[in-house]
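Each remark here refers to the structure printed beneath this line.
The values are calculated or read from the model by the stated rules, or taken from the named source; none is laboratory data. None of these values were measured; they are calculated from a predicted model. Here the Cβ is made from the backbone with ideal geometry for all residues, glycine too, and neighbour counts use every protein chain on show.
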Amino acid sequence: MNAHSEEITVEQAAEVFAAEVARWREVRGMSKRALAQAMGFDPSYVSHVESGRHKPTEEFARLADEVLNAGKAIWRRWCDYEQARTRNRRPPAPPASHRPEQPYATGSALVVEHDAAHLKYDGSSYRLTMRRLLRNTGSEPVTRYLIRVAVDRYPGDPERSNAHYRAHPLTWEELDLTATCRGEAMRWQVKHDRDAFKEVWLVFDNEHGRFPLYPGESVWIEYAYTVGDDKWGNWFQRAVRLPTEQLEVQLAFPVALDPVVWGTETSMTAEASPLRTPPVRSEDGGLRQFTWITAAPALHARYRLEWRFRARPERETDQREFR
């Protein structure tokens, strides 16, 4: 999807702007509250912009791009919005009613009993497999689940990173996204499709039937995708967006690369600090694995694992994040 299409509507441009802000905020490991405070806005303002309740403004775009060091990416999305707005000066039609998000989007219906990420590198590409045990604590069936993929090749040089993804966008073909639940393949719907940022609804149905998550039930879902190391980089971040009882991350690299791993954690109120416990190292079948587990992580906390390969000269790689 090309967000720069001349046919883009004001509503679409505003949605793309909100997605760009969310992407860079996540890449920088900042909560919505922390970003708003850094910009001098009310703590709820960023949340309102990302949800579409507040429309983009020039001041917000400039400050967000500066605070997030986005290399004018956010600013360009605001310019797209302004162009779309000036093309249509007719009296606005009554806003279309927005389909409400699934109950879990309120932050009160879904609980993650166990969250397990397994990232394996084969020397040229990364394959991420996510397994989550979800429990519906709400009063309505849950029929879809939102996942995100955000990449940033050169986080220390955002203009270069943005140019890289404009020339080499992340594609659905290379991602090869798969998802299953209850032994059934899950259908998926694209919410946002940007060069370096994807949001996808995993839907609890397929062509053979429906299998919603009913109140009081727990179920495992699993999804996986692939990203080449030319677009991924040397770090992996986990953000806690739902109440979570246990979080686990396992990294697997070829032993021949002599990998080393370290990590940091941040929260809404604290600066980045070393993980409180180290990743546990083991070796199996030519792979060196690093496993890190924490119980009851704080809501909105972010945990980042970074690595380097001592047996291979450093390449121009930097980062990647999943939700």
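Brief remarks on what is shown
Yes or no, residue by residue, for (1) at pLDDT 95 or above; (2) in the same structural domain as VAL46 (by TED's automatic domain parsing); (3) within 27 Å of VAL16 (Cα to Cα); (4) touching a strand residue (DSSP E or B) at 6+ places or on another chain (Cβ under 7 Å):
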{"position": "ASP195", "(1), (2), (3), (4)": "no, no, yes, no"}
{"position": "TYR223", "(1), (2), (3), (4)": "yes, no, yes, yes"}
{"position": "LYS231", "(1), (2), (3), (4)": "no, no, yes, yes"}
{"position": "ALA239", "(1), (2), (3), (4)": "no, no, yes, yes"}
{"position": "LEU242", "(1), (2), (3), (4)": "no, no, yes, yes"}
{"position": "GLU248", "(1), (2), (3), (4)": "yes, no, no, yes"}
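- Condition broken by HIS208, with the remaining ones in (1) more than 16 Å from the chain's Cα centre (by Cα); (2) under 22 Å from HIS300 (Cα atoms) satisfied: (2)
- Unique match (being modelled with pLDDT of 85 or more and either closer than 30 Å to LEU251 by Cβ or in contact with a strand residue (DSSP E or B) (Cβ under 7 Å, 6 or more places away or on another chain) (or both)) among VAL46, VAL27, VAL112: VAL112
- When the stretch 250-289 is limited to residues that are outside any strand (DSSP E or B) and at pLDDT below 90, the one that is farthest from SER44 (Cα to Cα) turns out to be GLY285.
- Residue match in the stretch 294-308 (condition: of a type in the set (Val, Ile, Thr) and either modelled with pLDDT under 90 or in a loop (DSSP other than H, G, I, E, B) (or both)): no
- Condition check for ARG210: in contact with a helix residue (DSSP H, G or I) (Cβ under 8 Å, 6 or more places away or on another chain) and either in contact (Cβ under 8 Å) with a residue 60 or more places away in the chain or buried (at least 19 other Cβ atoms within 10 Å of the Cβ) (or both): no
- Across the stretch 163-186, the qualifying residues are those that are assigned to a helix (DSSP H, G or I) and of a type in the set (Asp, Glu), and the one among them that is farthest from ARG127 (Cα to Cα) is GLU173.
- Of residues in the stretch 31-45 being without any contact (Cβ under 8 Å) to a residue 60 or more places away in the chain and closer than 28 Å to ASN234 by Cβ, the one nearest to the chain's Cα centre (by Cα): LYS32
- Any hit, the stretch 270-286, residues being touching a residue at least 40 places away in the same chain (Cβ under 8 Å) and crowded, with 19+ Cβ neighbours inside 10 Å: no
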